[in-house]
Amino acid sequence: AEPGTDVKTCKDCNGQGVQIRVQRTILGNIQSRVACSGCDSAGEIAEKKCTSCSGSGKEQKRTTLSVSIPSGVNDRDTMRLNGQGEFAKGGQSGDLYVRLHVKRDKRFEREGTTLFSEAKIGFTQAALGDTIEVDTIDGKGDLKIPAGTQSGTQFRLRGKGVPIRGRRGDQIVTVEVITPKKLNKEQKKLMEELALNE
């Protein structure tokens, strides 16, 4: 009802919210109770309907919610927010289901809790060994490259994967050895002296 106006008892159902209907059949009269259409089962009728909701008892509004996203969610996972859904007259609000879309990161591929990434190293680093920096979801991390590393070798960074329910997966780094395309005369001479055929 509009604020300041009265609410009167529904005459169709005498405030009961239901109406009794009698149907005649060959077996006799059958009584059934149905929701009162005059007051929409409320038992009362507003003398003047609320101008904001037209007497429906609910009003549409746009709102912004802060949602805490748990770690390790997957693309198209659904979260349930209790009590944030549609309001039912005479009852309570339902639930809101939020579908998540996880934005891809070009540095990583994911399989469950395991992350996959790539790192490029030079020929000298592969031959002699080195410690390089690689991208992890925690920032930069160190990766030790042993001497004689071949292109395509995979290294496991334990505990650097996706965290889910107190556990955390690993990150697999695949190393690609970059062969130099341009060498000066001195570098070419050194390479020829080394005669690295295998």
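Read-outs throughout are calculated quantities, based only on the coordinates presented, and are distinct from any laboratory measurement. What you see is a predicted model; the values in this text were computed from it and never measured. Cβ coordinates were reconstructed from backbone atoms using ideal geometry, including for glycine residues, and neighbour counts include every protein chain displayed.
A few notes on this one:
- Charge dipole (region 45-198, unit charges on Cβ, about Cα centre) - positive-most of GLY148, GLN92, PHE116: GLN92
- Taking other residues whose beta carbon is less than 12 angstrom from the beta carbon of ALA46, and scoring Lys, Arg as +1 and Asp, Glu as -1, yields -2.
- Across the cross-link table entries LYS120/LYS185; LYS11/LYS61; LYS120/LYS160; LYS106/LYS181; LYS103/LYS140, which are compared at the Cα atoms, the separations over 30 Å belong to LYS11/LYS61.
- Sum of -39500 (n - 2.57) over DSSP H runs of 4+, divided by residues of the chain (222 nm, nearest 500): -2000 deg cm²/dmol
- Taken about its Cα centre, region 119-198 carries a charge dipole of about 340 debye when Lys and Arg each add +1 at the Cβ and Asp and Glu each add -1 at the Cβ.
- Degrees between helix 185-194 axis and first principal axis of the chain (Cα, 0 to 90, nearest 10): 80
- The string of couplings for region 116-133 from the Karplus curve (6.51, -1.76, 1.60, θ = phi - 60°) is 10, 9, 10, 9, 9, 10, x, 4, 5, 4, 5, 6, 9, x, 5, 10, 10, 9 Hz, one whole number per residue in order, with x for Gly and Pro.
- Eligible aspartates and glutamates near LYS144 by straight Cα distance, threshold 19 Å, same-chain separation 8 or greater: GLU118, ASP130, GLU133, ASP135, ASP170, GLU176
- Label point distance in nm, ASN184-ARG21, each placed 7 Å from Cα along Cα→Cβ: 9.8
- Among VAL34, VAL162, LEU183 - extreme Cα towards positive end, dipole of the chain, charges at beta-carbon: VAL34
- For SER41, distant residues with modelled amide H under 5 Å away: CYS36
- Rg(Cα) / (2.2 N^0.38 Å) computed for region 68-174, rounded to two decimals: 1.59
- For GLY159, distant residues with modelled amide H under 5 Å away: ASP170, GLN171
- Taking amide H positions as modeled 1.01 Å from N, with prolines and chain starts lacking one, the residues under 5 Å from ASP130 and 5 or more places away or on another chain are ILE145.
- Simple point charges give the picture: +1 on the Cβ of Lys and Arg, -1 on the Cβ of Asp and Glu, and for the chain a dipole about the Cα centre of about 440 debye.
- Residue among GLU47, GLU118, GLU186 with the largest mean-square fluctuation in a Gaussian network model of the chain, springs linking Cα atoms under 10 Å: GLU186
- For the chain, built as a Gaussian network whose Cα springs stay under 10 Å, the top-fluctuating residue of ASP40, ASP130, ASP95: ASP40
- Legend: Rg and Dmax of the chain, from Cα coordinates, 35.5, 113 Å.
- The gain in end-to-end length when the THR63 to VAL98 segment is fully stretched comes to 11.2 nm, 0.36 nm per residue minus the alpha carbon separation.
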